[in-house]
Amino acid sequence: MPKILIQFAHPVFSKSKVQKVLLKHCQHIEGVTINDLYEQYPDLYIDVKREQQLLLQHDIIVLQHPFFWYSGPAIIKQWQDLVLEYNWAYGPEGYALSGKKVLSTISCGNAETAYQPSGRSRYSIDEFLVPYKQTVQLCRMEYLPPFVVYGTHHIRPEALEASAVQYSKILKGLADGSLTPDQYRHLGHMNELQFY
């Protein structure tokens, strides 16, 4: 069974509305490990060897965080800068992560309509996620369609609950192998998956 590592980052978790619910729904899924980066490294001093070991022990890496200023929280970038070392994660001898899968799970304050050329943010979420996609590509991994919760400033509790249930089903499916690449490879977002 594939093992999943959730690299979770929320700089003010006590104020979280959406990410707290998403995280709660995946805490007890077999094969899922949650690594809360801000809790683990409140001073931003990242233990590179520990993080590399966690990556080696898991098959699917989930970058789960709110989408702040069109990107991830600062610790995500710090983690990338330090952990994804040359000739370990990438470069001529950097094959440590080859073949692993990466899923971005993000929450956005604005509605989906804001993320288009005519919208407030002017670009799509896919365009904003290009640095993540390219990092994954450089490290010889596979980037999965992202899971995105839009409109978090005004999301209704029942809509948030539905998103959290869907997210947990996706993680369970990835962990037990019942969710196959043929089911999601063609999708724009993992949210498009239907579960009955």
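The values are calculated or read from the model by the stated rules, or taken from the named source; none is laboratory data. Predicted model only: the values in this text are computed from it and were never measured. When we count neighbours, we look across all protein chains shown, and the Cβ atoms used for this are built from the backbone with ideal geometry, even at glycine.
Hey, among 194, 134, which residue is under 29 Å from residue 90 (Cα atoms) and without any contact (Cβ under 8 Å) to a residue 12 or more places away in the chain? Talk me through it step by step, then tell me what you get.
On the way: 194 fails: under 29 Å from residue 90 (Cα atoms).
None of the others qualify; the one that does is 134.
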The lone condition residue 81 fails out of (1) within 19 Å of residue 66 (Cβ to Cβ); (2) among the acidic types (Asp, Glu); (3) more than 14 Å from the chain's Cα centre (by Cα) is (1)
Checking 70, 86 in turn, the sole residue that is touching a residue at least 40 places away in the same chain (Cβ under 8 Å) and more than 23 Å from residue 32 (Cα to Cα) turns out to be 70
Of the listed residues (125, 106, 170), the one being in contact with a helix residue (DSSP H, G or I) (Cβ under 6 Å, 6 or more places away or on another chain) and either of a type in the set (A, V, I, L, M) or free of Cβ contacts under 8 Å to residues at least 40 places away in the same chain (or both) is 170
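If only one of 163, 98, 118, 178 is at pLDDT 95 or above and either touching a helix residue (DSSP H, G or I) at 6+ places or on another chain (Cβ under 6 Å) or exposed (fewer than 14 other Cβ atoms within 10 Å of the Cβ) (or both), which one is it? Break it down into steps so the answer makes sense when it comes.
Details: 163 fails: either touching a helix residue (DSSP H, G or I) at 6+ places or on another chain (Cβ under 6 Å) or exposed (fewer than 14 other Cβ atoms within 10 Å of the Cβ) (or both); 118 fails: at pLDDT 95 or above; 178 fails: at pLDDT 95 or above.
Exactly one residue qualifies, and that residue is 98.
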Single unsatisfied condition, residue 80 versus (1) among the polar types (S, T, N, Q); (2) free of Cβ contacts under 8 Å to residues at least 24 places away in the same chain; (3) at negative phi
(2)
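Sort through 3, 49 and tell me the only one that's over 19 Å from residue 132 (Cα atoms), basic (Lys, Arg) and either in contact with a His (Cβ under 6 Å, 6 or more places away or on another chain) or at pLDDT below 95 (or both).
Working: 49 fails: either in contact with a His (Cβ under 6 Å, 6 or more places away or on another chain) or at pLDDT below 95 (or both).
Step by step, each of 3, 49 is checked, and only 3 is over 19 Å from residue 132 (Cα atoms), basic (Lys, Arg) and either in contact with a His (Cβ under 6 Å, 6 or more places away or on another chain) or at pLDDT below 95 (or both).
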Residues (surrounded by fewer than 17 Cβ atoms within 10 Å (Cβ to Cβ) and over 21 Å from residue 167 (Cα atoms)) located in segment 55-77
56, 57, 69, 70, 74, 77
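Taking segment 181-196 as the search range and keeping residues that are aliphatic (A, V, I, L, M) and surrounded by 14 or more Cβ atoms within 10 Å (Cβ to Cβ), which one is nearest to residue 20 (Cα to Cα)?
In this case the residue turns out to be 190.
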Within segment 105-155, how many residues are farther than 18 Å from residue 190 by Cα and assigned to a loop (DSSP other than H, G, I, E, B)?
15
Look at residue 55 and say whether it is part of a helix (DSSP H, G or I) and either modelled with pLDDT of 95 or more or small (Gly, Ala, Ser) (or both).
yes
Quick count over segment 1-39, residues being loosely packed, with under 14 Cβ neighbours inside 10 Å, assigned to a helix (DSSP H, G or I) and without any contact (Cβ under 8 Å) to a residue 60 or more places away in the chain, is 3
Just one of the numbered conditions (1) touching an Asp or Glu at 6+ places or on another chain (Cβ under 9 Å); (2) surrounded by 16 or more Cβ atoms within 10 Å (Cβ to Cβ) is not true of residue 141; which one?
(1)
